[in-house]
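Written below as structure tokens is the structure these notes are about.
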Amino acid sequence: MADTLVPKGLDGVAVDVTAIATTDESGNLLYRGYRAIDLAARKSFEEVAHLVLLGSLPDQKQLADFRAKITGNHSLSNEIIDTMRELKQVNLMDAMRSFASIYPYASKETVPLLLEIASRFPQILSSSARISDGEEPLKPIRGTYSENLYYLLTGTENKQHSRALEKLLILYMEHEFNASTFALRVAASTLTDPVSAIVAALSTLKGPLHGGANSEVLTYLLNFKSEADAIRFAEQKLEKKEKIMGFGHRIYKTKDPRAQFVKGELKKLIGDSIAYHSATAIEEYVWNRKSLPANLDFYAALYLHTIGIKEKYYLPIFACSRVFGWGAHYIEQTANNKIIRPTSVYTGPKGLEVP
Ligand code: COA
């Protein structure tokens, strides 16, 4: 038992070292030393996933091997599809968690298994959603990870929108000791298997304070008829001391560079729309009134909507990318492990007689 506490929520506490990601002095998110926004602008999803998971940008041969492993033509087995049919209506994050957990993976070694899990995520997501909607599952196409994911979620092939999705996926991939990654590292520190550790991360990502913010953002942004409506909404929320989803961040206190990157992309797509102007008006109002920056989820919601992706997919899409970051942390944690087992300051009674 201890008698002093670290700050609540481990705010500002460094609990271990990592070589995977950090933010630099200018507030830029770095993956293995490279700025995430530069990677999003210039690299493919597969190149960045290789970098994050395995530590280096791939050469041509490594890229071809890696791409084949994560984008192969994987159809789900009949047993998995039958189980999906039995469940019918299911929350998609619950479906991801359940089917990621029971999937009969062939690999036993850590890295091949991590790649196998990641490669199944788009199929698990798409098939669960379609069966839940009374539709037949789609077969994957022979494209990149992003093209395949875009197709599986929309039923259409669109190179331009797939590339737009790819940029966002790259920005979602990794963020050092965020809540889901920390949950994964706690699980990994017990030396449990990668599947179990990823299920812990998926369960944590589902919470509205972590990954669940983006769909709530869309619900309010699409309701505004004018910028004045948008500002009134933000004003009322702050007066009632309610949180506005899509604002605030544990790490970014002035600007989330990922959000600003997506805002720039969105401006190119729908810079004249009421939704875009409402979003920028709220951003400015909340910053002036509360000094809270818009986070990635704020602009990601409208961005995904603009490229034709339905709101129910926003959170599980995040998982389809973050799974590579989780994998990197699984490898890092188990390579230099000590079980994560903090202590607490006890505030309950002592010495009670058992009646
Ligand atoms: N809307 C309104 N006020 C907010 C806010 C938001 N989205 N986020 C933080 N605040 C306020 C808090 O109420 C608190 O105010 P107070 O000091 O007057 O009590 C202050 O800012 C600090 O917030 P806190 O929740 O303690 O910060 P945190 O670092 O613990 O939490 C988040 C970070 C992301 C969980 C938090 O900002 C939040 O809940 N945001 C909304 C959910 C979201 O968008 N999540 C996606 C994250 S990428």
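The values are calculated or read from the model by the stated rules, or taken from the named source; none is laboratory data. Owing to the predicted nature of the structure, the values given are computational and were not obtained by experimental measurement. Heads up, the Cβs are rebuilt from the backbone with ideal geometry, glycines too, and the neighbour counts pull from every protein chain shown. For the accessible areas, the whole protein counts, side chains as well, though only heavy atoms, and no ligand, DNA or RNA atoms are used. Shrake-Rupley method; radii C 1.70, N 1.55, O 1.52, S 1.80 Å.
Brief remarks follow.
- Matching entry among 106, 64, 49, 68 (being open to solvent by less than 40 Å² (accessible area, probe 1.4 Å) and of a type in the set (Gly, Ala, Ser)): 49
- Any hit, the range 112-128, residues being farther than 23 Å from residue 66 by Cβ and part of a helix (DSSP H, G or I): yes
- Residue within the range 275-283 that is modelled with pLDDT of 95 or more, open to solvent by 20 Å² or more (accessible area, probe 1.4 Å), within 13 Å of the ligand (Cβ to nearest atom) and more than 30 Å from residue 114 (Cα to Cα) present: yes
- The single residue among 57, 39 that is open to solvent by less than 20 Å² (accessible area, probe 1.4 Å) and farther than 28 Å from residue 103 by Cβ turns out to be 39.
- Residue that is farthest from the chain's Cα centre (by Cα), among those in the range 217-254 that are of a type outside the set (A, V, I, L, M, F, W, C), near the ligand (Cβ under 8 Å from one of its atoms) and open to solvent by less than 100 Å² (accessible area, probe 1.4 Å): 237
- Qualifying helices (runs of 4 or more DSSP H) (wholly inside the range 134-229; at least 3 residues being among the aromatic types (Phe, Trp, Tyr)): 145-154
- Residue 99 being surrounded by 13 or more Cβ atoms within 10 Å (Cβ to Cβ), touching a His at 6+ places or on another chain (Cβ under 6 Å) and in contact (Cβ under 8 Å) with a residue 12 or more places away in the chain: no
- Residues located in the range 266-296, provided they are in a helix (DSSP H, G or I) and under 12 Å from residue 221 (Cα atoms): 274, 275, 276, 277, 278, 279, 280, 281, 282, 283
- Qualifying residue in the range 288-310 (condition: more than 11 Å from the ligand (Cβ to nearest atom), over 21 Å from residue 215 (Cβ atoms), not β-branched (Val, Ile, Thr) and not assigned by TED's automatic domain parsing to the domain that holds residue 148): yes
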